[in-house]
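Quick note: the coordinates plus some simple rules give every number you see, no bench work behind them. Note that the structure is predicted; figures quoted are calculated from it, not measured. Because the Cβ atoms are built from the backbone with ideal geometry, glycine has one as well, and the counts that use them run over all protein chains shown.
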Amino acid sequence: MGSETFVDEASIQVASGAGGPGRVGFRREKFVPRGGPDGGDGGNGGSVILVADRNENTLLSFRSRRSFRAGNGEPGGGQQATGADGADVEIRVPVGTVVFDAEADDEEPLADLSADGQRFVAARGGRGGRGNARFKTSTRQTPDFAQDGLPGESRSLRLSLKLLADVGLVGFPNAGKSTLIRSISAAKPRVASYPFTTLVPSLGVVEVGDRRFVVADIPGLIEGASDGAGLGDRFLRHVERTRVLVHVLDLGAMLLEERNLLSDYEVLRRELERYRPELLERREVVLLNKTDLVPEDGTADVNGVAAALASNGCTVLRGSGATGQGMRELCVALQRILDEEERAEAEAARADAP
């Protein structure tokens, strides 16, 4: 797995620039033996700003650069000239990045950058000091002092990425989620026949007629994931913002008598519940995947498994990400559920309106 598993978590250090000092100066004019004060203000220090960018997909870039410092303000000049402000530093992060104070005891986020272009000032630049021209009064004609600029801020931040998707694909390793998302969208996650092939959650855009929705391929869960087993609970966070969950169950593993799909379904739901109980309230679809591996002689009781799942109130579909069988039906069903959720949310909003 290596360090690739950490692309949705990052720790960085940010420091804003100090304000420039004000200037102590006096006019020197011909025939004016003692001119008045003309020292200008110092420039403001630069700020460090996080900007949500839809073109960024992971926090991988912070593996090579973890420290960011904005520029200091320039000192004030003569003739009441203000010093130049320090340069801001803008840090591009994926949409869905949540920002935490790494040194705080609580887990309250400083910012949740959930919209493209959203900005958060992570470290504000220090204000420039005032020059001595600012301190002239009727009783103090020649002030010979100025202010120093205020120091900048320095802080440690923890960045956590929560993907923004309408639909989340969950399932055990090798259940075929990566192949599935390749089949229904233009996403191209890595596919191989060993556990935890997907180390980075992938997003794909699915089009149904003139409508579209976003699907997230959540890396494989195992029993105990909510306690840190396998890839741990870091990837469970990505289902928090989805509106529909698709449980991808592996018919191929069932045929090899390696897995009991009813038990798999219960384990997945249990891990979701242990991580966030409210996740069980999300709309669900169960996909019996890899139907292309089912023999036609009727020896596999796929109908029995589907009926048992349906008796629990599940929407059960069958298909194969490898061959495309049933993928159109899956996408249409998901779009219908999303439309229903959108209408329900709109009605709830109208009901709550004053």
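Odds and ends about this structure:
- Dimensionless Rg over Rh [the chain; C-alpha; Kirkwood]: 1.22
- Whole-Å distance, taken between Cα centres, linking segment 35-58 and segment 286-354: 51 Å
- Rounded to the nearest 500, the helix-only mean residue ellipticity at 222 nm of the chain stands at -5500 deg cm²/dmol, with each DSSP H run of n ≥ 4 adding -39,500 (n - 2.57).
- Residue among Phe26, Phe213, Phe62 with the largest mean-square fluctuation in a Gaussian network model of the chain, springs linking Cα atoms under 10 Å: Phe26
- Spacing of the modelled spin labels on Ala346 and Leu293, each 7 Å from Cα toward Cβ, amounts to 4.2 nm.
- Cβ-derived FRET efficiency at R0 56 Å, Asp148 paired with Glu281, nearest 0.05: 0.50
- Three-way shape call for segment 281-337 based on the alpha-carbon gyration tensor, with the a/c threshold at 1.5: oblate
- Note on the chain: with a GNM built from Cα contacts shorter than 10 Å, the maximum mean-square fluctuation among Leu272, Leu293, Leu113 falls on Leu293.
- Most fluctuating residue given options Arg27, Arg130, Arg283, as computed from a GNM of the chain linking Cα atoms under 10 Å: Arg27
- Relative contact order for the chain, counting Cα pairs under 8 Å that sit 6 or more residues apart, in percent: 15 percent
- Spacing of the two label points (7 Å from each Cα toward its C-beta) at Arg241 and Asn303, in nm: 4.4 nm
- A Förster radius of 51 Å, combined with the Cβ-Cβ distance separating Asp112 from Thr137, puts the computed FRET efficiency at roughly 0.60.
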